[in-house]
Amino acid sequence: MAVIVQKYGGTSVGSLARIEAVADNIVETRRKGHQVVVVLSAMAGETNRLLSLATSIDKQPATRELDMLLASAEQVSISLLTIALIKRGFSAISLLAHQIGIHTDNSFGRARIKSVSSKRLLQALEQEQVVVVAGFQGQDDDQNVTTLGRGGSDTSAIAVAVALSAAECQIFTDVDGIYSADPRIEPLAHKIENIAFNEMLVMASLGAKVLQNRAVEYAMRHNMPIRVLSSFEPGQGTKVMNEDVLVAETKNLNPVTNIAHQKLEALVEIEGVEDHHTIASMFTLLGEAGIEIDMITCTLLNCCKYNVKFSVSRDNISQIDDILQKMTQKNGIRAIQYNDKVVKLSAVGIGMKSHSGIAGQFFTALTEENIKILLISTSEINISVLVDESFLTQGVLCLHRALCKTSDISH
Ligand code: ASP
Ligand code: MG
C-alpha cells in the first residue's frame with residue numbers, strides 16, 4: 001500500500017465548505033487503498049491577518065514571538081479538517097510539527113528543516129489513521145516554535161514525503177498545473193505534463209509563484225517527485241521531476257518548456273564607472289544592503305572606464321539610489337539612470353542544452369515585433385531579456401508562438 005502525501009494550500013482550505021471538500025477528496029484517496037498523510041497550510045488570509053495584528057503592535061515584531069503567533073494558524077486548519085474526517089467515519093489525527101519531530105535551525109521566520117522523524121507518522125499509519133500535519137512550522141534545538149518562510153508548507157510536505165519515502169508528494173492548489181505561459185496572457189498556453197526540478201527553480205526565480213523555491217530545492221536534493229494539482233477540478237496536474245528521468249522518458253524533448261515573465265522590474269544604468277575596483281565595491285555594498293541583483297552587463301569604454309547596467313526588483317530603487325549617490329561623490333560616476341517601466345521575458349527549457357538555434361529563434365521573434373531589448377542574460381536552460389513594459393503581452397505571445405509549439409509538446 002503506497003503512502004501518498006497530499007498538501008492543501010490556503011485557498012483549498014479557505015472556508016468550511018472547502019475544508020469539507022478536501023475531506024471528501026482524502027476519503028476518496030483512502031478508499032482507493034492508499035495511506036494518506038495530509039499537510040495543511042493556514043486558511044486563506046489567516047497568516048496575513050495574524051501578521052498585521054503583530055505589526056500593529058510593533059512594526060518589527062520580535063521574531064521568536066512572531067513565529068509562535070503565525071504557527072497557530074495551521075493548528076486551526078488541521079484540527080478542523082481532522083474533525084471533518086472523523087465525522088465521515090475515518091480514523092484521523094492532527095499533529096503539530098513538534099509532535100512529529102520536524103526539526104529546524106533557529107532562524108525564525110525562515111527556518112530550514114534539518115530532519116523529520118518518521119516514528120510518530122508511521123505509528124499513526126500503522127493504526128490506519130489519516131495523519132493531518134501542520135505545515136509551515138518546526139521546532140529548533142531549544143524547543144522554540146519556528147516557521148519556514150511564506151509558502152513554507154510546501155517544504156513541510158516535501159520533507160514529510162521524503163521522511164516516509166512516499167511515491168510522490170501531491171500539492172493541491174488553486175491552479176491545475178504548470179502552464180507553458182501565463183494563460184491570462186496567452187490563450188494558447190498549454191498545461192505541461194512533466195517538468196524538471198531545475199526548470200521549475202528557474203521559473204520560480206523568474207516570477208512563477210506556484211511552489212516555494214525551497215520546497216523544489218528540497219525535492220530535487222532528495223529526488224522526491226512533486227505533482228501540482230487543482231483542489232477544485234480533477235486532473236493529472238503537472239509532475240515536477242528529476243531531469244535525467246524526464247529526458248529518458250521523453251521521446252521528442254521540446255527545447256523550450258515555458259515562457260515566463262516578471263513584472264515590476266527596473267533597469268539601473270551607470271555611466272563612467274572609474275575602474276573594476278569600483279564595480280566590485282558597488283556590488284558588495286548593494287549585496288550588504290540585502291539587494292538582489294538579477295541581470296548584469298558591463299561594457300569597457302576607452303581608457304578603462306565602464307558602463308554598468310543591471311536589473312533589480314522595482315521596489316529596491318530608492319535604496320539603491322541612496323547607496324549609489326554616496327558612491328558617486330567619491331568615485332566620479334558620471335550619470336545614473338533608472339528605468340522602472342521594464343519587464344523581464346524568459347524562455348526556459350532543459351531541451352535548450354541539446355538544441356541549437358534557440359537564441360536565433362528567440363531574438364528573431366522579438367525583432368519581428370520591433371521589441372527593443374534593453375538587457376540580456378542567459379544560462380544553460382534559459383534566455384532572458386528586459387524590455388519596455390508596454391511589450392509584455394506582445395512579447396509573451398510572440399515568444400510562446402515561436403518557441404512552444406503545441407504540436408510537438410512532449411513534456
Ligand atoms: N500559512 C503560511 C503562509 O501563508 C504557509 C503557507 O501557506 O504555505 O505563508
Ligand atoms: Mg503556496
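Could you tell me whether any residue of region 33-47 is in a helix (DSSP H, G or I), more than 10 Å from ligand 1 (Cβ to nearest atom) and of a type in the set (S, T, N, Q)?
Filtering region 33-47 down to residues in a helix (DSSP H, G or I) leaves 46-47.
From what's left, more than 10 Å from ligand 1 (Cβ to nearest atom): none.
Within region 33-47, none of the residues are in a helix (DSSP H, G or I), more than 10 Å from ligand 1 (Cβ to nearest atom) and of a type in the set (S, T, N, Q).
Among the candidates 14, 45, 9, 33, single out the residue that is at positive phi and within 16 Å of ligand 2 (Cβ to nearest atom). Break it down into steps so the answer makes sense when it comes.
Numbers: 14 fails: at positive phi; 9 fails: at positive phi; 33 fails: within 16 Å of ligand 2 (Cβ to nearest atom).
Going through 14, 45, 9, 33 in turn, the sole match is 45.
Return yes when residue 89 is part of a loop (DSSP other than H, G, I, E, B) and touching a Ser or Thr at 6+ places or on another chain (Cβ under 6 Å) and no when it is not. If you could, list the steps in order and put the result at the bottom.
Numbers: part of a loop (DSSP other than H, G, I, E, B): yes; touching a Ser or Thr at 6+ places or on another chain (Cβ under 6 Å): no.
So residue 89 fails the test.
Can you name every residue in region 282-330 that is in contact with a Cys (Cβ under 6 Å, 6 or more places away or on another chain) and farther than 13 Å from residue 268 by Cα? Steps first, please.
At the first step, the residues of region 282-330 found to be in contact with a Cys (Cβ under 6 Å, 6 or more places away or on another chain) are 306, 308.
Matches in region 282-330: 306 only.
Does residue 63 count as modelled with pLDDT of 95 or more, hydroxyl-bearing (Ser, Thr, Tyr), more than 16 Å from ligand 2 (Cβ to nearest atom) and crowded, with 19+ Cβ neighbours inside 10 Å?
On the way: modelled with pLDDT of 95 or more: yes; hydroxyl-bearing (Ser, Thr, Tyr): yes; more than 16 Å from ligand 2 (Cβ to nearest atom): yes; crowded, with 19+ Cβ neighbours inside 10 Å: no.
When the stated conditions are applied, residue 63 does not pass them.
For the structure I just gave you, tell me whether residue 213 is more than 28 Å from residue 402 (Cα to Cα) and out of contact with any helix residue (DSSP H, G or I) (no Cβ under 6 Å at 6 or more places or on another chain). Reasoning before the result, please.
Working: more than 28 Å from residue 402 (Cα to Cα): yes; out of contact with any helix residue (DSSP H, G or I) (no Cβ under 6 Å at 6 or more places or on another chain): no.
So residue 213 fails the test.
For residue 337, work out the one condition from (1) loosely packed, with under 13 Cβ neighbours inside 10 Å; (2) in contact with a strand residue (DSSP E or B) (Cβ under 6 Å, 6 or more places away or on another chain); (3) in a loop (DSSP other than H, G, I, E, B) it doesn't fulfil.
Residue 337 satisfies all of (1) loosely packed, with under 13 Cβ neighbours inside 10 Å; (2) in contact with a strand residue (DSSP E or B) (Cβ under 6 Å, 6 or more places away or on another chain); (3) in a loop (DSSP other than H, G, I, E, B) except (3).
Would you please list the contacts, defined by Cβ atoms under 6 Å and residues six or more apart or on different chains, that run from a residue in region 268-280 that is of a type in the set (D, E, K, R) to a residue that is open to solvent by less than 50 Å² (accessible area, probe 1.4 Å) and assigned to a helix (DSSP H, G or I)?
274/331
Looking at region 83-102, which of its residues are crowded, with 16+ Cβ neighbours inside 10 Å and under 16 Å from residue 39 (Cα atoms)?
84, 85, 92, 93, 94, 95, 96, 97, 98, 100, 101, 102
Anything in region 1-51 that is out of contact with any Gly (no Cβ under 7 Å at 6 or more places or on another chain), among the aliphatic types (A, V, I, L, M), open to solvent by 30 Å² or more (accessible area, probe 1.4 Å) and modelled with pLDDT of 95 or more? List them, or say none.
16, 17, 21, 51
To keep it simple, each residue is scored yes or no on (1) of a type in the set (Val, Ile, Thr); (2) more than 25 Å from residue 209 (Cα to Cα).
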{"position": "109", "(1), (2)": "no, no"}
{"position": "127", "(1), (2)": "no, yes"}
{"position": "131", "(1), (2)": "yes, yes"}
{"position": "135", "(1), (2)": "no, no"}
{"position": "143", "(1), (2)": "no, yes"}
{"position": "152", "(1), (2)": "no, no"}
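Of all residues being open to solvent by 10 Å² or more (accessible area, probe 1.4 Å) and more than 11 Å from the chain's Cα centre (by Cα) in region 198-223, which is nearest to ligand 1 (Cβ to nearest atom)? Just the residue, please.
218
When region 105-161 is examined, which residues are found to be within 15 Å of ligand 2 (Cβ to nearest atom), among the small types (Gly, Ala, Ser) and surrounded by fewer than 24 Cβ atoms within 10 Å (Cβ to Cβ)?
The answer is 149, 151.
Inspect region 231-238 for any residue being closer than 30 Å to residue 333 by Cβ, touching a Gly at 6+ places or on another chain (Cβ under 9 Å) and modelled with pLDDT of 90 or more and give the result as yes or no. Full working, then the answer.
Within region 231-238, the first condition is being closer than 30 Å to residue 333 by Cβ, and the residues that meet it are none.
Within region 231-238 (the criterion being closer than 30 Å to residue 333 by Cβ, touching a Gly at 6+ places or on another chain (Cβ under 9 Å) and modelled with pLDDT of 90 or more), the answer is no, since none of the residues qualifies.
Keeping to region 308-334, report how many residues are open to solvent by 30 Å² or more (accessible area, probe 1.4 Å), over 14 Å from residue 273 (Cα atoms) and not in a helix (DSSP H, G or I).
1
The values are calculated or read from the model by the stated rules, or taken from the named source; none is laboratory data. Quantities reported herein were computed from a predicted structural model and do not represent experimental measurements. A quick note on method: Cβ atoms are made from the backbone with ideal geometry, for glycine too, and the neighbour counts reach across all protein chains shown. Surface areas here come from the heavy atoms of the whole protein model, side chains and all, with no ligands, DNA or RNA. Shrake-Rupley method; radii C 1.70, N 1.55, O 1.52, S 1.80 Å.
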